[in-house]
Amino acid sequence: MASSSESDSSRRDFLYLTAGAMGAVGVACAAYPLVQSMNPAADTLALSTTEVDVSQLKEGQSMTVMWQGKPVFIRRRTQQEIDEARATPMNDLKDPQSDQDRVKQSAFNGTQMPQWLIMVGVCTHLGCIPLGQKPTDPHGNYDGWFCPCHGSQYDSSGRIRQGPAPKNLAVPPYQFTDAGHIKIG
Amino acid sequence: MASNDRVDFKNPVINWIDERLPLFSLMHKEYAAFPTPRNFNYWWNFGAIATVMLIVMIATGIFLAMYYTPSTDRAFTSVERIMRDVNWGWMIRYIHMNGASMFFIAVYIHIFRGVYYGSYKRPRELLWILGVIILLLMMATAFMGYVLPWGQMSFWGATVITNLFSAIPVIGNAIVTWLWGGFAVDNPTLNRFYALHYLLPFVIVGVVVLHVSALHISGSNNPLGIDPKTPKDTVPFHPYYTAKDGFGLTLFFLFYAFVVFYAPNALGDPDNYIVANPMATPQHIVPEWYFLPFYAILRTFTVDIHIPFTHIVLISSKLGGVILMFSAILMLLLMPWLDRSPVRSAVFRPIYKLLFWVLVIDCCVLGYLGGKPPEGAYVIVGQIATALYFMFFLIALPFLPKIEKTRPLPKSISEAVLNKN
């Protein structure tokens with residue numbers, strides 16, 4: 001009897017475990033669409049590209065456009081800004097990346113246009129919008145952008161140089177559809 | 001079991017209901033006859049006050065919900081319509097808006113009372129943990145409620161706080177996108193915050209029921225921190241503490257009414273009367289006052305921690321700040337096990353009493369710093385204040401009992417009370 005009740009209890013344990021496991025799988029399957037429903041909807045994703053006319057922008061000017069609900073900084077840099085960015089040694093950078101890498105999408109018909117710097121204007125610290133788009137804004141110590149929230153400073157290539165932000169300003173995917181028009185996204 | 005505890009009511013209708021569902025007996029047992037230590041001081045009012053604040057918030061919130069529109073292009077104007085056009089809308093909104101502050105005042109006093117008198121100690125550990133869960137739910141609810149008017153502080157507060165989750169390695173950015181339902185704080189975010197802001201208060205009600213149920217198992221702590229031994233140590237809850245709570249509540253409501261009617265925007269940020277603009281960040285992003293100490297702790301972490309001799313960042317300053325901030329609340333959860341002293345009440349613990357007031361002042365300093373820009377001396381003072389905060393929990397609580405000589409405990413509550421006079 002003892003042995004049969006032992007096997008009974010192990011059979012019962014097995015049934016409990018399998019039933020419980022199936023129940024857990026069922027709950028996970030039911031939860032998946034609910035959790036997934038909170039991710040960006042199809043129409044939100046459909047807004048993921050923006051076309052911008054930049055032909056009016058002169059050297060040393062910037063403009064801000066909206067892409068995916070976020071500001072995108074478009075700057076037509078001066079030669080001095082490009083030279084400063086390229087002269088910076090990699091060791092001085094918190095998030096090392098060359099200026100060439102950051103503007104490599106700025107090309108049309110095989111011609112590189114390093115004067116065009118395009119990046120998401122959202123501080124990588126906690127999401128504030130850095131100042132520096134207007135000539136009268138503070139530009140920080142590195143001739144770039146300055147975040148008023150917690151004092152992060154970005155250089156003329158949008159790379160983090162000082163302050164709490166961990167990363168460079170993000171470069172979105174974009175391409176020049178002709179010399180004066182950009183498709184972002 | 002329940003039928004044995006039934007009370008015989010004179011009113012036949014009540015008696016008829018009570019035989020079938022003993023709600024009246026339950027109320028009588030838990031709120032009328034309930035034996036309560038006879039030596040409560042006024043610090044014991046704040047549990048009842050917090051409960052009433054929760055009811056006020058739900059009641060006013062339901063009426064605001066009848067007029068509020070959760071969409072990015074209508075939210076701000078619908079709140080302004082409540083303020084200007086809806087009958088009594090200005091008053092209902094000011095009661096709700098300042099009610100959040102009053103709720104936090106009541107709950108923070110309630111928590112500090114528990115810390116001072118050792119209410120978190122055995123056998124009330126679970127009661128205490130349920131309280132910390134209520135605090136966390138309140139913080140989430142208050143944060144999401146603050147986003148709803150869609151002012152500048154709403155938007156940027158939401159942006160900064162949701163971005164905290166991006167500090168989580170690897171999956172952080174996916175979590176933030178999931179929270180937003182998009183690529184920035186936007187309409188989907190506002191809609192879900194509204195849904196959750198409506199839901200969470202009822203979850204809080206549920207946890208409050210558990211909190212009070214656990215309280216009625218262990219019984220209340222009291223200023224002496226010793227257990228009642230004989231019926232002489234207790235009085236029935238009604239009329240003694242219904243009256244005392246009622247009096248305290250009246251004074252609290254006088255203060256509350258003064259704020260609502262004479263200084264309704266004193267605790268708010270004027271920037272939140274500017275409609276949200278995703279293209280321009282305000283000069284200083286400051287949370288509501290009740291989050292300031294935690295915000296100060298968040299910002300104390302200013303350096304990245306590297307793997308030694310490499311450039312690989314182990315804990316970025318951003319992640320470090322987030323970990324510190326959540327740890328600050330975790331400390332409360334761990335209190336029942338961190339504190340090794342068998343004596344509950346600070347009345348008999350001279351050094352603990354002193355350190356308690358250091359903690360209170362430290363939290364006020366952190367609150368002050370949370371409202372200041374993170375630069376210069378503010379950063380350094382913030383780091384010292386944060387260190388003190390954690391030292392209270394991690395050093396003072398476990399090690400103080402080794403050196404502290406506690407004063408002798410009275411034999412009973414009634415003896416102590418009677419000797420006093």
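Read-outs: derived from the displayed coordinates by stated rules, not from any lab. What you are looking at is a predicted structure, and each value in this text was computed from that prediction instead of being measured. Cβ: placed from backbone, ideal geometry, glycine included. Neighbour counts: every protein chain shown.
Odds and ends about this structure:
- Inter-chain neighbour count for A:34-47: the average number of beta-carbon atoms from partner chains within 10 Å of each residue's beta-carbon is 3.
- Shown here is the pair-distance distribution of chain B: with all Cα-Cα distances grouped in 10 Å bins from zero up to the longest one, the shares run 4, 18, 27, 25, 16, 8, 2, 0, 0 percent.
- Charges were assigned to the Cβ only: +1 to each Lys and Arg, -1 to each Asp and Glu. The resulting dipole of the range A:44-184 about its Cα centre is roughly 240 debye.
- Relative contact order of chain B, pairs being alpha-carbon contacts under 8 Å that are 6 or more residues apart, as %: 21
- Long-range HN-HN contacts of B:Ile315 with modeled amide H, under 5 Å: B:Ile305
- Peptide packing for A:53-66, B:385-398 was compared via the average number of neighbouring C-beta atoms within 10 Å per residue; ordered from the highest value, the list is B:385-398, A:53-66.
- Net dipole in debye of the range B:35-420 [+1 Lys, Arg Cβ; -1 Asp, Glu Cβ; about Cα centre; nearest 20]: 1380
- Rg/Rg_globular for the range B:125-203, with Rg_globular taken as 2.2 N^0.38 Å and Rg from C-alpha atoms: 1.19
- With neighbours defined as other Cβ atoms within 10 Å of a residue's Cβ, the residues A:Asp13, A:Asp137 order from fewest to most as A:Asp13, A:Asp137.
- Helix-only arithmetic for chain B: the sum of -39500 (n - 2.57) across DSSP H runs with n ≥ 4, divided by the residue total, places the mean residue ellipticity at 222 nm at -20000 deg cm²/dmol.
- Its relative contact order, with pairs defined as Cα atoms under 8 Å and 6+ residues apart, puts chain A at 20 percent.
- Computed Rg/Rh of the range B:1-88, alpha carbon atoms with Kirkwood Rh: 1.24
- Whichever lysines have a C-alpha closer than 30 Å to that of A:Lys58, once near sequence neighbours (fewer than 8 apart) are set aside: A:Lys70, A:Lys104, A:Lys134, A:Lys167, A:Lys183
- Orientation-averaged projected area, Cα convex hull of the range A:44-184 (nm²): 8.2
- Where N is the number of residues in the range B:279-412, Cα Rg divided by 2.2 N^0.38 Å: 1.28
- Judged by the mean number of other Cβ atoms found within 10 Å, the most tightly packed of the peptides B:146-159, B:124-137 leads the ranking B:146-159, B:124-137.
- The alpha carbons of the protein assembly as shown occupy a box of 93, 75, 55 Å along the principal axes, longest dimension given first.
- Site pair A:Lys134 and B:Val7 shows an inter-label distance of 6.9 nm when each label is modelled 7 Å from Cα along Cα→Cβ.
- Across the options B:Val360, B:Tyr68, B:Ser317, the greatest Cα extent toward the positive end of the charge dipole of chain B (unit charges at beta carbon of Lys, Arg, Asp, Glu) belongs to B:Val360.
- The Cα trace of the range A:1-120 gives Rg and Dmax of 29.4, 94 Å, the first to one decimal, the second as a whole number.
- Using the Cβ-Cβ distance between B:Ile380 and B:Ile307 with R0 = 41 Å, the FRET efficiency computed as 1/(1 + (r/R0)^6) comes to roughly 0.95.
- Put simply, the Cα atoms of the range B:52-135 extend 52, 22, 16 Å along their principal axes, the longest span coming first.
- Highest GNM mean-square fluctuation among B:Ile168, B:Ile17, B:Ile204, for chain B modelled with Cα contacts below 10 Å: B:Ile17.
- Given charges at Cβ of Lys, Arg, Asp, Glu: the range A:44-184 dipole, positive-most of A:Pro164, A:Ala87, A:Ile74: A:Pro164
- Sequentially through the range B:110-115, phi angles give Karplus couplings (6.51, -1.76, 1.60; θ = phi - 60°) of 4, 5, 4, 4, x, 5 Hz, Gly and Pro residues having no value and appearing as x.
- Site pair A:Ala30 and A:Arg86 shows an inter-label distance of 6.3 nm when each label is modelled 7 Å from Cα along Cα→Cβ.
- The protein assembly as shown: Cys lacking any partner C-beta under 4.7 angstrom: A:Cys29, B:Cys363, B:Cys364
- Ordering B:Leu126, B:Asn265, B:Thr300 by Cα displacement along the dipole of chain B toward the positive end leaves B:Leu126 in first place; charges were set at the Cβ atoms of Lys, Arg (+1) and Asp, Glu (-1).
- The HN-Hα couplings worked out from phi for the range B:40-46 by the Karplus form 6.51 cos²θ - 1.76 cosθ + 1.60 (θ = phi - 60°) are 4, 9, 5, 5, 7, 7, 6 Hz, whole numbers, x standing for Gly and Pro.
- For B:Lys29, the lysines whose Cα falls under 20 Å of its own Cα, not counting residues fewer than eight places away in the same chain, are B:Lys10, B:Lys229, B:Lys232, B:Lys244.
- Across the range B:392-405, computed HN-Hα scalar couplings (Karplus, 6.51 cos²θ - 1.76 cosθ + 1.60, θ = phi - 60°) run 4, 7, 8, 10, 4, 4, x, 9, 4, x, 5, 10, 7, 9 Hz from first to last residue, x flagging Gly and Pro.
- Chymotrypsin sites (Phe, Trp or Tyr not before Pro) within the range B:237-311, DSSP loop, no more than 11 other Cβ atoms inside 10 Å: B:Phe309
- The range B:106-138 and the range A:118-185: distance between their alpha carbon centers, rounded to Å: 45
- Candidate aspartates and glutamates - alpha carbon under 13 Å from B:Lys372, same-chain residues fewer than 8 apart omitted: B:Glu288
- Residues whose amide H lies under 5 Å from that of B:Phe34, counting only those 5 or more places away or on a different chain, are B:Phe237, B:His238; hydrogens are built 1.01 Å from N in the peptide plane.
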